[in-house]
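The values are calculated or read from the model by the stated rules, or taken from the named source; none is laboratory data. All values derive from a computational prediction rather than experimental measurement. Here Cβ is always computed from backbone atoms with ideal geometry, including for glycine, and neighbour counts include all displayed protein chains. Keep in mind that these areas ignore ligands, DNA and RNA; they rest on the heavy atoms of the full protein, side chains included. Shrake-Rupley method; radii C 1.70, N 1.55, O 1.52, S 1.80 Å.
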Amino acid sequence: MKTHAIILLAALSLSCGSRREEIIFTPGAPWPDNNGVHINAHGGGILQRGDIYYWYGEHKVAGAAGNVAREGVRCYSSRDLLHWTDEGIVLPVVKGARHSPVLEEGCIIERPKVIYNSRTKKYVMWFHYEPANHRYDCSYSGVATADSPTGRFKLLHYGRQNAGCLPLNALPLHASRVYNPEKNYPGGSLPRHPDSLNLIARDFDGGQMARDMTLFLDDDGKAYHIYSSENNSTLHVSLLDDDYTNYSGTYARLFVNRFMEAPAMFKREGRYYLIMSGCTGWAPNAGRAAVADSIWGTWEELQNPFRGEDAGVSFRSQSTFVLPVQGEETRLVYMGDRWNPKDAIDGRYIWLPVTFEGKQPVIRWMDSWTLQ
Ligand code: DGJ
């Protein structure tokens, strides 16, 4: 079977008498780490510190059992984005305790993302958290911090979002705080509109829901949490406090009733971009993209960024992160997950360059590619 490592060996070439390794990515192939083990960092994101990249993601085990957290969040480090050293579990689940209050084995920890706070000098991780045996009903976010990028991270708190706060773009009906509980609204892709029930009002006191999520650290040092809320129907963007460990209370609703999942945010030429997916469980769907001059909107939805065969299912992947290589907004890499819910540990990684046609992000399939 083709792997990243084998392709790399094939790519060894002689240059002026010295060996020069070409860094070749092969999307969807098994991707061995320094121990020869397929990288286990699903729904992940990358933090760059100096010339080292840290890849954080969900550790999954074999079989369908791997669809919930059995180990925790794993981290890898790399200088070239191809060769990754296993740094181990940096946020472990608690094993063995029958009534562990938090992060117990079998809980759900999804889409961990880490940013660095240069003022507090802390590495701050946010993740989607569901206590064990609650399916996706709690819709909490967990926050953990560490003094080093490889942890260990210590859980600070978890819970709902922005309790007691209305969004910047609240409608009069949200301020009325009248929830219509008559209608059941389990989420998914129901035709009913979230405002016909007033889900903002329903969750006003206890806090808004958050499932799929990402973090975005802006050039001015402000950090944002972006997540699927209101039973997945509507994306929220929340400004974090100066420590990046709590909400500031300022947030907005985006793409109301569009059921956006898997948000990945980046900035280019002063504009904010989102690559997202629709909401179809583990099954892939057509990617989505949007652009805005301000993070608070107005957001303009663009076309599916994927082009070519299998574009309708995002090359059988779902977005998780867009990486500016060496911080350069001209070299953007799409990171997606090819989930395998029957054997979660064998989920694959689809990394591809993001190019642009005007302000439309474009992602084309390539069997292999290099950063050059
Ligand atoms: C799609 C989400 O993007 C994943 O993170 C995960 O929550 C699955 N749904 C669960 O079905």
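Results, tabulated for the structure shown:
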| quantity | calculated |
| --- | --- |
| Residue count, the stretch 264-281 (criterion: within 13 Å of Thr320 (Cβ to Cβ) and within 16 Å of the ligand (Cβ to nearest atom)) | 6 |
| Single unsatisfied condition, Gln360 versus (1) touching a helix residue (DSSP H, G or I) at 6+ places or on another chain (Cβ under 8 Å); (2) away from the ligand (no atom under 16 Å from the Cβ) | (1) |
| Residue match in the stretch 219-227 (condition: crowded, with 18+ Cβ neighbours inside 10 Å and free of Cβ contacts under 8 Å to residues at least 24 places away in the same chain) | no |
| Sole residue being within 17 Å of Gly142 (Cα to Cα) and of a type in the set (Ser, Thr, Tyr), chosen from Tyr56, Tyr76 | Tyr56 |
| Residues (within 12 Å of Ile363 (Cβ to Cβ), open to solvent by 60 Å² or more (accessible area, probe 1.4 Å) and at pLDDT below 95) located in the stretch 273-331 | none |
| Filter result (polar (S, T, N, Q), at pLDDT 95 or above and under 25 Å from Glu328 (Cβ atoms)) within the stretch 1-52 | Thr26, Gln48 |
| Inter-residue pairs, beta-carbon under 9 Å, first farther than 16 Å from Arg152 by Cβ and β-branched (Val, Ile, Thr) and in the stretch 116-128, second open to solvent by 40 Å² or more (accessible area, probe 1.4 Å) and not in a strand (DSSP E or B), 6+ apart | Thr120/Asp242; Thr120/Asp243 |
| Residue check, Gly66 of a type outside the set (A, V, I, L, M, F, W, C) and either surrounded by fewer than 19 Cβ atoms within 10 Å (Cβ to Cβ) or away from the ligand (no atom under 16 Å from the Cβ) (or both) | no |
| Among the residues listed as Val68, Val102, Val94, Val61, the single one being closer than 13 Å to Ile345 by Cα and out of contact with any Gly (no Cβ under 7 Å at 6 or more places or on another chain) | Val61 |
| Cross-chain or 6+ apart pairs with Cβ under 8 Å, the stretch 311-340 first and more than 16 Å from the ligand (Cβ to nearest atom), then open to solvent by 10 Å² or more (accessible area, probe 1.4 Å) and acidic (Asp, Glu) | Glu329/Glu269 |
| Identity of the residue in the stretch 241-252, open to solvent by less than 40 Å² (accessible area, probe 1.4 Å) and within 11 Å of Asn162 (Cβ to Cβ), that ends up farthest from the ligand (Cβ to nearest atom) | Gly249 |
| Every residue from the stretch 102-117 that is within 18 Å of Tyr244 (Cβ to Cβ) and more than 16 Å from the ligand (Cβ to nearest atom) | Val114, Ile115, Tyr116, Asn117 |
| Strands (runs of 3 or more DSSP E) fully within the stretch 121-214 counting 3 or more residues that are modelled with pLDDT of 90 or more and buried (at least 21 other Cβ atoms within 10 Å of the Cβ) | 122-130, 140-146 |
